[in-house]
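Chemist: Handing you a structure now.
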Amino acid sequence: MKKYVCEVCGYVYDPAIGDVEHNIPAGTDFNDLPESWTCPPCGADKHAFSELKTHDTALDEKFICEVCGYVYDPAVGDVEHGIPVGTAFNDLPESWTCPPCGADRHAFKKFEY
């Protein structure tokens with residue numbers, strides 16, 4: 001299934017994960033999300049999303065927040081919070097926190113597919 005990126009904040013909707021925070025189960029295709037669904041970090045509607053293009057496999061190491069399910073993807077970064085595209089998780093500043101829930105970096109673990 002295809003992933004979609006929010007053009008406002010860089011959040012990536014991954015159907016393999018779903019949206020735990022909003023009771024969207026894993027396996028839910030982006031096109032099957034309810035029209036009322038909004039981007040978890042910034043609240044943008046579905047129209048703000050575009051299909052995520054294939055990216056450099058060197059940036060595939062993702063980390064998931066064990067508190068809320070947010071996935072940090074280096075291919076997207078966290079531009080809304082000053083983290084540029086291509087920033088590896090291990091290169092994030094110690095002060096960086098999870099965009100949706102505010103958990104610190106220690107709440108993240110490597111995301112296994």
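Chemist: Restricting attention to the stretch 77-97, which residues are surrounded by 11 or more Cβ atoms within 10 Å (Cβ to Cβ), small (Gly, Ala, Ser) and either more than 16 Å from Lys110 (Cβ to Cβ) or in contact with an Asp or Glu (Cβ under 6 Å, 6 or more places away or on another chain) (or both)?
Modeler: Of everything in the stretch 77-97, those that are surrounded by 11 or more Cβ atoms within 10 Å (Cβ to Cβ), small (Gly, Ala, Ser) and either more than 16 Å from Lys110 (Cβ to Cβ) or in contact with an Asp or Glu (Cβ under 6 Å, 6 or more places away or on another chain) (or both) turn out to be Gly77, Gly86.
Chemist: For the stretch 21-57, enumerate the residues that are over 24 Å from Ala88 (Cβ atoms) and among the β-branched types (Val, Ile, Thr).
Modeler: Ile24, Thr28, Thr38
Chemist: Name the strands (runs of 3 or more DSSP E) wholly inside the stretch 1-76 in which the number of residues that are free of Cβ contacts under 8 Å to residues at least 60 places away in the same chain, surrounded by fewer than 19 Cβ atoms within 10 Å (Cβ to Cβ) and of a type in the set (Ser, Thr, Tyr) is 1 or more.
Modeler: Of the strands (runs of 3 or more DSSP E) lying wholly inside the stretch 1-76, those with at least 1 residues that are free of Cβ contacts under 8 Å to residues at least 60 places away in the same chain, surrounded by fewer than 19 Cβ atoms within 10 Å (Cβ to Cβ) and of a type in the set (Ser, Thr, Tyr) span 49-51.
Chemist: Consider only pairs whose beta carbons are under 9 Å apart and that are at least six residues apart or on different chains; among these, list those whose first residue lies in the stretch 82-108 and is under 25 Å from Leu52 (Cα atoms) and whose second residue is part of a strand (DSSP E or B) and polar (S, T, N, Q).
Modeler: The qualifying pairs are Arg105/Thr97.
Laboratory data are not the source of any read-out in this text; all were calculated from the coordinates shown. Just so it is clear, the model here is predicted, and its values are computed rather than measured. All Cβ positions, glycine included, derive from the backbone under ideal geometry; neighbour counts span all protein chains shown.
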